[in-house]
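This report refers to the structure that appears directly beneath it.
The values are calculated or read from the model by the stated rules, or taken from the named source; none is laboratory data. Note that the structure is a prediction, hence the values are computed from the model and not measured. Cβ sites come from the backbone with ideal geometry, for glycine too, and all protein chains shown count toward neighbours.
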2 protein chains.
Amino acid sequence: MKAIGNDPLLTDLYQLSMLQGYLEQGMEEVAVFEFFVRKLPPERRFLLAAGLEQVLDYLLNLSFSTDDLAWLEASGRFSPALIAYLQDFRFTGDVHAMPEGTLFFADEPILRITAPLPQAQLVESRVINLLHYQTLVASKAARCVLAAPEKLLVDFGMRRAHGSEAALLAARACYIAGFAGTSTVSAAPSFDIPVFGTMAHSFVQSHDDESQAFEHFAHTQPDNVVLLIDTYDTERAAEYVVERVAPRLRRAGIRIKAVRLDSGDLAMHARKVRRILDEGGCPEIRIFVSGNLDEYELQSLLGKEAPIDGFGIGTRLTTSADAPYLDCAYKLQEYAGRPRRKKSEGKATWPGRKQVFRRFDETGKLAGDTLALEDDRQDGQPLIQQVMRGGELLYARKDLEAIRLYAQNQLAGLPSTLRCSEGRHTYEAEVSPALEALARKIDSARTV
Amino acid sequence: MKAIGNDPLLTDLYQLSMLQGYLEQGMEEVAVFEFFVRKLPPERRFLLAAGLEQVLDYLLNLSFSTDDLAWLEASGRFSPALIAYLQDFRFTGDVHAMPEGTLFFADEPILRITAPLPQAQLVESRVINLLHYQTLVASKAARCVLAAPEKLLVDFGMRRAHGSEAALLAARACYIAGFAGTSTVSAAPSFDIPVFGTMAHSFVQSHDDESQAFEHFAHTQPDNVVLLIDTYDTERAAEYVVERVAPRLRRAGIRIKAVRLDSGDLAMHARKVRRILDEGGCPEIRIFVSGNLDEYELQSLLGKEAPIDGFGIGTRLTTSADAPYLDCAYKLQEYAGRPRRKKSEGKATWPGRKQVFRRFDETGKLAGDTLALEDDRQDGQPLIQQVMRGGELLYARKDLEAIRLYAQNQLAGLPSTLRCSEGRHTYEAEVSPALEALARKIDSARTV
């Protein structure tokens, strides 16, 4: 099943205008662009790379249909030469990247595209769009995983994610970061991600009697009985569960897996409900909570030792609400064999084809990164690998489980100062002397 | 051209579980659900309704393909009765709504769905997903329009919007709110929205000489010459424009429309550049700026009387960065002829089928809303109209221009206290006595 579509016209107009300019000037030599984040949001200590597989799909399949070409022509904005060029368009470049699930930091490229200038330029907008969002959500989800290790975490954020693609890709990004799964059904056929679900308040409300709603639901989903108990009065509903519902279901051979709380003071209610369940002879029923959760809430709830077994995390996760975007860029670093550098205030870039070398301490924790030119070998492990050559994939596609496992190993390497939300600790790559020298050389040589 | 796709499996798992429960219990009587925002974000004084057309498209076309059904069956989670029900699924309900572009406030429903319970339940997740995002962005865009009246505003936010659908629908929402257009190409074939574009830093960098890059671009896009002048040194580039580029282009019959600034202190650079252009004999060249803009920045720049003619507004707009989600809900208000009410702490809802009646003062400004039961006629104009009956549209689809014009009229009716970002003014609907009484009656009558 095709997970996401790719409309070649989902791009910024200026890409097509510039393309036409490049073609008219015969500027089709090799260009090198890199994608990186300039500066982490103040709320983030690390980022987790995600979205590469969708970028590769996009590059492998990018082409213009007859309808697309007809629209471009009818718009009157473009030359016949551009239309002819797009008619035969295929991406034939190289791609180097950090594997999905890799930890990365400011100024470290996670993707490099090396291709004739018009190709490398055309793909900019969608490459950013794909890498930005999944990286944003994977990074937020990883913080939730670190805040609540050993807990069941489920993505509940489809409804308020920004559109359908965000909903679907958020499920993927959360799973990579270590979530158990998602409530978004289409994530299962698209990516083989486990799906979870309970019941809504409307199910309870549409019944005249809450206990009856619970029993109906249990008979319908006997293997997955999670009862939502906060529609009217949480503790009273918990009492009805132990007094009436659980005994009747037990006789029918049905086990209640969990109750869900979705409102009010979750720590307080969880404690009261835990006591009611335990004292009512239902210690096996687990407590699952949802409602305005994020890593800060998880930390707070678990800090209070609230007896909670699992969390449904929604809106604040899939919108990355405390940091809803990254200051990322896809920048030209070399054209026609010459390194290039943008100098705009606050937005200067490191020129050339780069590699990130990462060192680890004896316990396996991150000990330092060096940003260097690709052929300027430094201490440490090079993080960027070639994944596409001449438009062809160089490796068998990884399954999501492998990416998820790799991400878990990456997170295990985070120093404790970068794991938590508090503090102003940062981790920044050193810049190699040769790269510093190259940047200086370009600045002094450039003439306007 | 089909603007957006609708995967029927893009829903929360619990919708399908509950559906199965409803079918097993024969609970197929008429349910009434309403979509509303519980509480506006502290950063918002009003919201602008958007997304209805996409909801109607979704409802008109919702069906399950053979592949969808095969996947549901193979998942082993669902009964043959549910699969059979979905196989023939068609939405046959009624829809009432506020027109797109209507101003609305907390607790005021902008959509009501009246349909057999399984149908009204199934559509919940995607209905929220569609209304939430466009309303979010239209509201943010409207604030930009109010902050910079008479200025050219263009949506530049595709690349960091959360996925492809968000990018496309943001362009639509911004246009409704009064933007001149978007840089997202696919918004033109999809919605007939004007597209705008300039050039990127990479275009300048890939040339060895900045002035040459400007001339090449101008010859390629002679009708739309907007030159990006901040790649290296903004004022020097402006000087080259007046000294070298403009005279040469003038001889070739090409007019420079504008220069674009994208970094640094935009007010300061705009003032310097304006002086250089005016003193260099180019008073007709306009100044367009971009880079980390939103309504607060627009207010600040225009407050400083920066000589800026147009703004490209990107990431903070399409992610609604200061308020990246709305506390919205789609709640059961009536089932089988009986009004229903959820009581969860902080999430209680007003029961029944509701209408919003709006009063205006003698200058046409909003003077007060009343939230009432539909048949309890109040003073003022009823805002909610029926748009679908028995699954069929009741009206000819509005074109986007008409919606945009309507939204402009709506914004003109905003009292000055709600127009600006400052202050804590709020506008809240009064609740009619009959509705208050109904809520009390349900609370006292309900037995768990």
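Every test in (1) surrounded by fewer than 24 Cβ atoms within 10 Å (Cβ to Cβ); (2) at pLDDT 95 or above; (3) in contact with a Gly (Cβ under 7 Å, 6 or more places away or on another chain) is passed by B:Gly163 save one, and that test is (1).
Matching residues to (1) touching a residue at least 12 places away in the same chain (Cβ under 8 Å); (2) in the same structural domain as A:Leu414 (by TED's automatic domain parsing); (3) buried (at least 24 other Cβ atoms within 10 Å of the Cβ); (4) touching a Gly at 6+ places or on another chain (Cβ under 6 Å):
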| position | (1), (2), (3), (4) |
| --- | --- |
| A:Pro118 | yes, yes, no, no |
| A:Leu131 | yes, yes, yes, yes |
| A:Leu152 | yes, no, no, yes |
| A:Val185 | no, no, yes, no |
| A:Pro189 | yes, no, no, no |
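Among the residues of segment B:414-421, are any touching a helix residue (DSSP H, G or I) at 6+ places or on another chain (Cβ under 6 Å) and of a type outside the set (S, T, N, Q)? Yes: one or more hits. Each residue in segment B:195-208 was checked for being within 7 Å of chain A (Cβ to nearest Cβ) and either closer than 13 Å to A:Leu117 by Cβ or over 32 Å from the mean Cα position of the chain (by Cα) (or both), and 5 of them qualify.
Within segment B:386-418, the only residue that satisfies the criterion of being among the hydroxyl-bearing types (Ser, Thr, Tyr) and at pLDDT 95 or above is B:Tyr406. Annotation: of all residues in segment B:151-185 being more than 10 Å from chain A (Cβ to nearest Cβ), part of a loop (DSSP other than H, G, I, E, B) and among the small types (Gly, Ala, Ser), the one that is nearest to A:Val37 (Cα to Cα) is B:Ala180.
Restricted to segment B:209-266, and to residues there that are crowded, with 24+ Cβ neighbours inside 10 Å and of a type in the set (Phe, Trp, Tyr), the residue that is farthest from the other protein chains (Cβ to nearest Cβ) is B:Phe214. Just one of (1) in a helix (DSSP H, G or I); (2) in contact with a helix residue (DSSP H, G or I) (Cβ under 6 Å, 6 or more places away or on another chain) fails for A:Asn129. It is (2). The set of residues from segment B:16-31 being of a type outside the set (A, V, I, L, M, F, W, C) and facing chain A (nearest Cβ under 8 Å) comprises B:Ser17, B:Gln20, B:Gly21, B:Tyr22, B:Glu24, B:Gln25. Only one entry of B:Ala396, B:Ala437, B:Ala407 meets the criterion of being part of a loop (DSSP other than H, G, I, E, B) and either surrounded by 13 or more Cβ atoms within 10 Å (Cβ to Cβ) or assigned by TED's automatic domain parsing to the domain that holds B:Glu53 (or both), and that entry is B:Ala396.
Yes/no per residue for (1) within 10 Å of chain B (Cβ to nearest Cβ); (2) without any contact (Cβ under 8 Å) to a residue 60 or more places away in the chain:
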residue	(1), (2)
A:Leu9	yes, no
A:Phe33	yes, no
A:Leu48	no, no
A:Ser63	no, yes
A:Tyr85	no, no
A:Arg90	no, no
A:Gly93	no, no
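Would you mention how many residues in segment B:223-240 are modelled with pLDDT of 95 or more and over 17 Å from B:Ile276 (Cα atoms)? Going through segment B:223-240 one residue at a time, the tally reaches 1. Checked against (1) touching a residue at least 40 places away in the same chain (Cβ under 8 Å); (2) at positive phi, B:Gly26 passes all but a single condition, namely (1). Condition check: touching a residue at least 12 places away in the same chain (Cβ under 8 Å) and crowded, with 21+ Cβ neighbours inside 10 Å. Does B:Leu383 satisfy that? No. If the condition is being part of a loop (DSSP other than H, G, I, E, B) and more than 17 Å from the chain's Cα centre (by Cα), then segment A:109-126 contributes only A:Val123.
Where helices (runs of 4 or more DSSP H) fall wholly inside segment A:198-251, the ranges with 1 or more residues that are free of Cβ contacts under 8 Å to residues at least 24 places away in the same chain, closer than 18 Å to B:Asp12 by Cβ and out of contact with any Pro (no Cβ under 7 Å at 6 or more places or on another chain) are A:201-206, A:210-220. B:Arg143 passes every criterion in (1) crowded, with 24+ Cβ neighbours inside 10 Å; (2) within 14 Å of chain A (Cβ to nearest Cβ) apart from (2). Restricting attention to segment B:414-431, the residues being surrounded by fewer than 17 Cβ atoms within 10 Å (Cβ to Cβ) and either among the small types (Gly, Ala, Ser) or outside the structural domain of B:Leu48 (by TED's automatic domain parsing) (or both) number 3. If you check A:Gly21 against the conditions, is it of a type outside the set (Asp, Glu), at pLDDT below 95 and over 28 Å from the mean Cα position of the chain (by Cα)? No, not satisfied.
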